[in-house]
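Read-outs throughout are calculated quantities, based only on the coordinates presented, and are distinct from any laboratory measurement. Predicted, not measured: the structure shown is a model, and the values here were computed from it. We place every Cβ from the backbone using ideal geometry, glycine too, and count neighbours over all the protein chains shown.
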There are 2 protein chains.
Amino acid sequence: MSKQNVIDDFSSFISIPSVSADPKRAPDMSRAVKFLSKKLTSLGFEVRLLQNGQNPATIFAKRIGSTDGKTIGIYGHYDVQPEDPVREWDSEPFTLTQKNGRFYGRGTADNKGHIIQNIAAIDNLIASQSLKNTIVFLIEGEEETGSEHFTSYIDTLKDELMKVDVFYITDVEMYKKNIPMIIYALRGLVYFEIELKVGDHDMHSGVYGNAVYNPAQILADLFAHMKNSRSGEVLISGFYDSVRKIAEKEMKLLNNHVFSDEEFQKDAGSLGLTSMRNVPSYLAPKIFPSMDIHGIKSGFVGDGPKTIIPAQGLAKFSFRLVEHQDAGKMELLVRDFIEKYMNQYGARVEYSITSHSYDNPFYCSINDPYLQKTARILSDHFGHETVFMREGGSIPAAEIIQRVLGKPVVLTGFVLPDANLHAPNENFDEDMFWEGIEVLGKIYGGI
Amino acid sequence: MSKQNVIDDFSSFISIPSVSADPKRAPDMSRAVKFLSKKLTSLGFEVRLLQNGQNPATIFAKRIGSTDGKTIGIYGHYDVQPEDPVREWDSEPFTLTQKNGRFYGRGTADNKGHIIQNIAAIDNLIASQSLKNTIVFLIEGEEETGSEHFTSYIDTLKDELMKVDVFYITDVEMYKKNIPMIIYALRGLVYFEIELKVGDHDMHSGVYGNAVYNPAQILADLFAHMKNSRSGEVLISGFYDSVRKIAEKEMKLLNNHVFSDEEFQKDAGSLGLTSMRNVPSYLAPKIFPSMDIHGIKSGFVGDGPKTIIPAQGLAKFSFRLVEHQDAGKMELLVRDFIEKYMNQYGARVEYSITSHSYDNPFYCSINDPYLQKTARILSDHFGHETVFMREGGSIPAAEIIQRVLGKPVVLTGFVLPDANLHAPNENFDEDMFWEGIEVLGKIYGGI
């Protein structure tokens, strides 16, 4: 596959605005599915589409190799984030633009570029007749909206997928340019919304202040009991019970690759960093579970003074979980904590709790032979030791594949830390794009 | 003055939509001033207008009586609340409508009806040649927007107003129909707004959760340190220092006239009442200072989950103060508390505090001879002992008049508790309207 052919495919793929969050773009979602199906079919893949009603299809594509080969699963997602705010882009979001050694465009880094790399790598192996492994592509279109149907598709495909020896998910960053990275742990997530009500309508704080409860004050008190705002520690009894202490060896490994506070703070755009249990700020979100309020609202927040006791209050908050913490158990623990807390207020305060998301943490031993072998191939190719790192965020697919199928998952990728994922001017470094195709060929051909 | 003449005046006055909060209605504010000036001039008053730029004028009108008479000040305000929500009115808001024994219309109860009563009472005294007292009217047009210029006008008029022996403010409710009430205490108010910032933009809670402070969590913790959400007690050290213990005699008097919890809860529209220090719920807002959050906002509160650490947070809150608490000192106490609290977070959190309002509490001894004499006239007229009561809300004019001039202020009125002040279907009971005119005549003629 010539470089120009790869760029042509990449360009066609980027030109399809497959934004899963926008219902008006459902036809574009179908166009993206057609584009990939056609491409994979042309490479000898048998393509099957899984679809639940009008939701974006998940592509299952399989190309059988020789009987002594392994079966390799490759996960990707063809849906992208909305391009907003458009005026902050320096080029057209849905036009692949080459500039300053980067490919620009929505989806270049997340995750269309990686999909094109994987297809090109397989294409090259086929062309050179060096692909003995069976390859299974699993490409979904709901990653950016929460992978709603992914678990059910995995269940449907279970017989097929159980034959896979190892899954590759190329949906993360490199550590730095020419420094490969494998992510072996992602945090899980349990997301809550709480609504409080103390009456039919807002009340006059002069007439009723001291005689009725204030929902904003109750939310404040609830959260003060849930987390220490200075140390960041979650105060819910039992929350840390199943968290393992990270082994000295692993901590040493992690400490070898810590971004400086200056660098990390600059990335965050924050006024300053905090430190939990004396670990570097860069590692604290990766190795400890956390709790954060995402939004809170009660009463009047417009201009000027208004002296009401609000009738209602609302808050959204979530817990990020690490390995051995179970999302289901954590949900019950938090609900139980809130119920006991709210009992203090009796019938004077009505409340409801909703849970929105529900992802278990992902963790794959770095001693797994596939991770180790992949790391060696990456290290040899880039001339730099592969960094093993944890991530604080969540990729539901990684955990679902591992949990449902019990297979090793190698989580890696070739975009750089300044790739602007989910933001304007999303990009993929050109050098790392081509190097990635080469090294993926070595991995899929040689593992 | 015949009843029909009074109704005609009342009707004309109500038909002027003098909503001070609406800049488009500035011409109507002028019309209301003209209406009152003309009326008072026709009664022999010398009228003077005080105005600061384009703001609604305050009317100062004086009619000199006999040399052995007293000088009586009468405060009122000709501005009214906006009529929203209009569709909840059963009659036209700016048309005086007589129905079911009530006068309906915006301003009937607050405060135009009372102004018409006062003018009619004076008119009757003049007609019967029984007005020996000098009468001073002070009618402002900024009461509903915070009495911004009132203190400066009082200062301007100080020489004139110091000659006044007693001020009457008829801007409150009766206890019940035919049960007169004098309010001898109102709470003061200090209003704050706090804004927090931890960074330039919202951050990903996966990547940064544990590494940066969360402004919503800090606000929660701050308020949990400021007030006990269950008991309602303010936790700021020194907050209650200057609060006097209410004498047993006064408490006994107050306890004679306590609304039942059922009645008070129904008025509040709340799910249930609380009790502070074992006093009846009805009294707790009247005799103790209080603190309430009026509004809080941080992060994302739209539909669905969004996993951000908000960059900013905002809250509005105020303290209601009782006699002997000084609004200025309380402002400093609260600012000092917040500054010490925020020091914990150092430069990682930027914050700013704004104070919006600033009213001292009002308190007039019930032993004051003018209060006592007025109470006797009211009791005799209505055939029921006058209730002496405190209020939890604030009327800045009462406190300003008393503080600047050091004169007794008699705070009373003739609207009923269900007069719907500031709400749709505002009304004035017809019987109490006419009785009020009669008894005001007795007061202004006989005090």
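In terms of surrounding Cβ atoms within a 10 Å radius of their Cβ, A:365, B:18 rank from fewest to most as A:365, B:18. Net charge in the neighbourhood of residue B:309 (other residues with Cβ under 13 Å of its Cβ; Lys, Arg +1, Asp, Glu -1) is +3.
The three principal axes of the C-alpha atoms in the stretch A:407-447 carry coordinate ranges of 36, 26, 10 Å, sorted with the longest axis first. Taking all Cα pairs closer than 8 Å and separated by 6 or more residues, the relative contact order of the stretch A:289-349 comes to 33 percent. Take every DSSP beta bridge with both residues inside the protein assembly as shown and express the antiparallel ones as a percent of the total, to the nearest 5. Rounded to the nearest five, the antiparallel share is 70 percent. Counting neighbouring beta carbons within 10 Å and listing from fewest to most, the residues B:31, B:230, A:244 come out as A:244, B:230, B:31. Dividing the Cα radius of gyration of the stretch B:59-111 by 2.2 N^0.38 Å, with N the residue count, gives 1.71.
Once Rh is set to the Kirkwood radius over Cα pairs, what Stokes-Einstein translational diffusion coefficient, in µm²/s, holds for the stretch A:333-447 at a temperature of 25 °C and a viscosity of 0.890 mPa s?
It diffuses with D of about 136 µm²/s by this estimate.
Eigenvalues of the alpha-carbon gyration tensor of chain B, scaled by 5 and square-rooted, set the equivalent ellipsoid semi-axes at 43, 25, 22 angstrom, largest first. Binning all Cα-Cα separations of the protein assembly as shown at 20 Å, short to long from zero, yields these whole-percent fractions: 13, 35, 24, 18, 9, 1, 0.
A full extension of the chain between residue A:160 and residue A:353 corresponds to an added length of 65.6 nm, given 0.36 nm per residue minus the alpha carbon distance.
Shown here is the pair-distance distribution of the stretch B:107-233: with all Cα-Cα distances grouped in 10 Å bins from zero up to the longest one, the shares run 8, 22, 24, 15, 13, 11, 5, 2, 0 percent. Residue by residue along B:379-392, Cβ atoms of other protein chains within 10 Å of the local Cβ number 1 on average.
How big is the C-alpha Rg of the stretch B:272-382 next to the rule-of-thumb value 2.2 N^0.38 Å, as a ratio?
So the stretch B:272-382 has a normalised radius of gyration of 1.62.
With its label point defined 7 Å out from Cα along the Cα-to-Cβ axis, residue B:430 lies at 9.0 nm from the matching points of the other copies, in increasing order.
Once Rg and the Kirkwood radius are both taken over the C-alpha atoms of the stretch B:172-248, their ratio Rg/Rh works out to 1.22. Copy-to-copy spacing for residue B:128, label 7 Å out on the Cα-to-C-beta vector, in nm, shortest first? Its label point is 11.5 nm from the equivalent points in the other copies. Protection proxy ranking for A:435-442, B:171-178, A:258-265, using the average of other Cβ atoms within 10 Å per residue and placing the highest first: A:435-442, B:171-178, A:258-265.
The ranking of B:243, A:164 by Cβ neighbour count inside 10 Å, starting from the fewest, reads B:243, A:164.
The aspartates and glutamates whose alpha-carbon is closer than 12 Å to the alpha-carbon of residue B:407, local same-chain residues fewer than 8 away aside, are B:165, B:368, B:399.
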